[in-house]
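Contents: one structure, followed by commentary.
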Amino acid sequence: MNKMVGIADYFGMTASILCLLHCLGAPLLLSLFLMLGLGQQSQVFHQYLVVLVTLPVLLALIPGFVTHRRWQVLVLGGLGLLYFSVAVLLIGPLFGEVAEIVLAAFGGAHLFTAHFKNRSFCRICTAQRKHAICSVNTCNSVAKKGSYGH
């Protein structure tokens, strides 16, 4: 497995978990941000997060798909990225923090699941190639059957 895909998956899973924690803690942190005069910086911070969330999707999920050909991973990742981006860039400014938090958390859960599945499918193919019993076609067929190496 490409080492960059693995690193990007781990980064994506970590970012998704941190995003979920941020979203869950936002009501408490929002009052602190406002007291410190950081209300406007919060929106800029969220816009940067969209870029940071997009990078692991591009660096892990797309190359991972080339390896295992599981559309499920791309769909989950694409939906997660869409939900997260819409939440931060559109819903938050129009409808407020609560609506943004709900949709961003939903997107973060999708992204985490996509990175987790991508990592699992890539490991199957890597293990099979290491034992010289697998070609790309075999990896794709094993991944499609849903075998996780058990």
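Only the coordinates and a few stated rules stand behind these numbers; no lab work does. These numbers were taken from a predicted model, which means no experiment stands behind them. Positions of Cβ are backbone-derived with ideal geometry, glycine not excepted, and every protein chain shown enters the neighbour counts.
Among the residues of the stretch 58-74, those that are in contact (Cβ under 8 Å) with a residue 12 or more places away in the chain and of a type in the set (Val, Ile, Thr) comprise Ile62, Thr67, Val73. For beta carbons closer than 7 Å, sequence separation of 6+ or different chains, a first residue in the stretch 84-111 that is free of Cβ contacts under 8 Å to residues at least 40 places away in the same chain and a second that is assigned to a helix (DSSP H, G or I) and surrounded by fewer than 20 Cβ atoms within 10 Å (Cβ to Cβ), the qualifying pairs are Ser85/Val50; Ile91/Ala99; Leu103/Val86; His110/Leu79. Here Gly77 passes the criteria (1) in contact (Cβ under 8 Å) with a residue 24 or more places away in the chain; (2) more than 15 Å from Val5 (Cα to Cα); (3) among the small types (Gly, Ala, Ser) except the one numbered (2).
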